[in-house]
Amino acid sequence: MEEVPGKTDRESHGVICGTKRPVLLFIFLPAMERRCVSLLIMCGIVGYIGYRKAADVLLDGLYRLEYRGYDSAGVAIRDLREIQIEKEVGKVAELDNLLKSRNFEGTQGIGHTRWATHGGVTAVNAHPHCDSQSNVALVHNGIIENYLEIKEDLEKEGVTFNTQTDTEVVAQLLAKIYQGDAVSSLIRLSGFLEGSYALVILVREIEDKIYCIRKGSPLVLGKGKKESFCASDVPALLPYTKDFIYLNDGEIAELSQDNIQIWDSSGQVLTRSSFHVDWDVSMSDKDGYPHFMLKEINEQSRVIRDSLLERLQDDSVDLSAELKWSHEDIHKWKKIHIVACGTSYYAALIAERLFENVTECDIRVDVASEYRYRKLKSGPDTLAIFVSQSGETADTLAAERKARTSGACCLAVTNVPNSTLAREVDHVLLLKAGPEVGVAATKTFTGQLCVLYLLALYLGRVCETLSKNKENRLVQELRILPFKVDSILEDHLLIRELAEKYANARNFLFLGRGNSFPVALEGALKLKEISYLHAEAYAAGEMKHGPIALLDPEVPVVVVIPRDELYDKVLSNIQEARARSAPIIAVATSGDQYIGTNAEDIMWIPVTEQEMNPFLAVIPLQLFAYYVARYRGCDIDQPRNLAKSVTVE
Ligand code: M6R
């Protein structure tokens, strides 16, 4: 990955569009044969047309979308016939400062916050981008895979480029194609573009409209009274509207003050009803916490409570209101595939153990980036579950499409209603986490675990492979988990002290067995992503097969060792690590009398059923990662090189 270079001069990037008439040329672009190296971008985009000052709405939206990208930002605002573009390297706050001196009055515009791993992070490369004649200005989320071929062809036509981006190529191409009708021009444009894109566009000569088109990258439209919006994600628009429409792949939208009009990829007008989101705007604010991550860690007891609402009947799980499955459907599934990425994958790995205990199905859990390319035998006898906080992760979507083609029944477990994943699958189970803004997933991990557990228990009950007694016991424990979660959170100062003690270590090893192994994986991931420390996680029994060579007094070993059937085995693994003088930090169950003599430091969790240990053991690890990152002065909510939704492969 490239390091983000320093800021460039501000002077060069204030651009005024609108000084010339549109160019209405038609060109023939030859077949594009070569593929370019991907320019990997995940960004946040927002568009507004209405009666408010567009700069204010755009900045507000960009702040709320900053989790998607934060190396540079920009806006294009229409003031009368002119389109003013301002861009700045750095976070949205830098752009905010710049715009204070501009005082734009315009009431329509587009904005962008960028995240790039390739290509210079400069103001010039920041969005919005224009064509040479300044007839179109656009913002883009995604990658145009064949941009080099298009660029070469346009250069042969005499077009000169100002930036290294794929997005400027789109702007130049659209200006060439445009012949007075935006919708048909966008349909033509999409025929040339390979890759993924959500584009929001201002056309200089169309003074009262904003255009959108998408393929592969998310875009949501919002309608208010005398105003229309679009954005990469719902939280950007929550202060203004709760009624949204998702744009599907290939569709085009025209936003005006009074209306949103949508066309399909062949130019047919579509009628689309909106959906209502009951998220509160305060859910996407920090609510007094210094970071979203800390706020979201503290929301986890609420997430568990909400996840259980309307899904329990007495001490049984009942998902029949959400999953319209017949007994016949359920009985035909012999295989369950669970597919996800990152933290969602670790939640799936934990749930795998419950599924294999309470159902008789053959369970397989895989990361989506592998699953999508494997020769797996799925079909009508398979329930394929896709777990994704955002519902927009490109690999997970590709895996889901593959499973769907095989005839498997596809179920999404997602936090975002109407996300691409939610719309594509046969069935959906929603998390009740509310918007998660911190790049490091915390409360959605807990929400995913909760929903997957409920599903496993429900299938176990319907298939009669789960005893009534066990179901009741686990459901009762789920009901009291929120209190136990809160009791760990109350101890956060102890975890903060521990974090201070270990914040200067360079390498950590995380160990666990059984359902604590994925918890160790998640603990290590949290530490890596927000504190930039090297942390490896292993199944504790695997340590002697290699990682033990890493151990010395400088390498703390975090061992997840709750009271469960594998406790003694893990205690032996601790001895192996201690024999190499590695300091041990244990996550252990209150009342454990042996751990005190076997670990330097202990993070305690309350007693629970062994299936439920992961819900509790993950909390101290989240807090530990959070405080280590704080002591190290890291950017916790927006860690370097990461973005919240990974919408490209
Ligand atoms: O939105 P998704 O759940 O599909 O995202 C999957 C991963 O990208 C995500 O969990 C990532 O690993 C987080 N940054 C972890 O904190």
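The table for this structure:
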{"item": "Total formal charge among the other residues, if their Cβ is under 11 angstrom from that of Gln622, Lys/Arg +1 and Asp/Glu -1", "result": "0"}
{"item": "Centre separation in Å (Cα based) which lies between segment 64-143 and segment 574-649", "result": "40 Å"}
{"item": "Average accessible area per residue (Å²) across segment 492-631 - probe 1.4 Å, nucleic acids and ligands excluded", "result": "37 Å²"}
{"item": "Dipole magnitude of segment 14-283 about its Cα centre (Cβ charges: Lys, Arg +1; Asp, Glu -1), debye to nearest 20", "result": "280 debye"}
{"item": "Loop GluC sites (Glu not before Pro), segment 283-346 (other Cβ atoms within 10 Å of the site Cβ: 12 or fewer; DSSP)", "result": "Glu310"}
{"item": "Cross-link reach list, aspartates and glutamates versus Lys332, counting only Cα pairs under 18 Å and skipping chain neighbours closer than eight places", "result": "Glu356, Glu360, Asp362, Asp381, Asp426, Glu464"}
{"item": "Ranked by how many other beta carbons lie within 10 Å on average, peptides 302-308, 374-380 from highest", "result": "302-308, 374-380"}
{"item": "Formal net charge of residues neighbouring Ile210 (Cβ-Cβ distance under 10 Å; K, R +1; D, E -1)", "result": "0"}
{"item": "Accessible surface of segment 320-471 [probe 1.4 Å, protein heavy atoms]: carbon and sulfur percent", "result": "47 percent"}
{"item": "Cα Rg, Dmax, segment 14-283, angstrom units", "result": "16.9, 52"}
{"item": "Principal axis dimensions, largest first and in whole angstrom, of the chain by Cα", "result": "80, 57, 47"}
{"item": "Solvent-accessible area, 1.4 Å probe, carbon plus sulfur percent, for segment 492-631", "result": "49 percent"}
{"item": "Probe 1.4 Å, accessible area per residue of segment 354-395, Å²", "result": "42 Å²"}
{"item": "Accessible-area composition of segment 14-283, carbon plus sulfur, in percent [1.4 Å probe]", "result": "49 percent"}
{"item": "Greater than 22 Å apart at Cα, pairs in Lys156/Lys176; Lys526/Lys569; Lys335/Lys569; Lys324/Lys432", "result": "Lys526/Lys569; Lys335/Lys569"}
{"item": "Listed peptides 344-354, 494-504, 420-430 by packing density, highest first (mean Cβ within 10 Å)", "result": "344-354, 420-430, 494-504"}
{"item": "Accessible area per residue in Å² at 1.4 Å probe, computed on segment 14-283", "result": "35 Å²"}
{"item": "Shape box of segment 406-513 [Cα atoms, principal axes, largest first, Å]", "result": "51, 38, 26"}
{"item": "Within straight-line cross-link reach of Lys226, lysines at Cα separation under 20 Å, skipping those fewer than 8 residues along the same chain", "result": "Lys53, Lys209, Lys242"}
{"item": "Estimated dipole of the chain in Debye, rounded to 20 [Cβ of Lys and Arg +1, of Asp and Glu -1, Cα centre]", "result": "340 debye"}
{"item": "Segment 501-567: GluC sites (Glu not before Pro) falling in loop per DSSP and having at most 15 other Cβ within 10 Å", "result": "Glu554, Glu565"}
{"item": "Cβ-defined net charge surrounding Leu174, 10 Å radius [Lys, Arg +1; Asp, Glu -1]", "result": "+1"}
{"item": "Unit charges at the beta carbon, dipole of segment 492-631: most positive-side option, Ala540, Leu527, Ile605", "result": "Leu527"}
{"item": "Only Lys, Arg (+1) and Asp, Glu (-1) charged, at Cβ; segment 214-292 dipole about Cα centre in debye", "result": "120 debye"}
{"item": "Highest-first arrangement of 269-275, 633-639, where packing means the average Cβ count within 10 Å", "result": "633-639, 269-275"}
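The values are calculated or read from the model by the stated rules, or taken from the named source; none is laboratory data. Quantities reported herein were computed from a predicted structural model and do not represent experimental measurements. With ideal geometry, Cβ positions are generated from the backbone for all residues, glycine too; neighbour counts draw on all protein chains shown. What goes into the accessible areas is simple: the full protein's heavy atoms, side chains included, and nothing from ligands, DNA or RNA. Shrake-Rupley method; radii C 1.70, N 1.55, O 1.52, S 1.80 Å.
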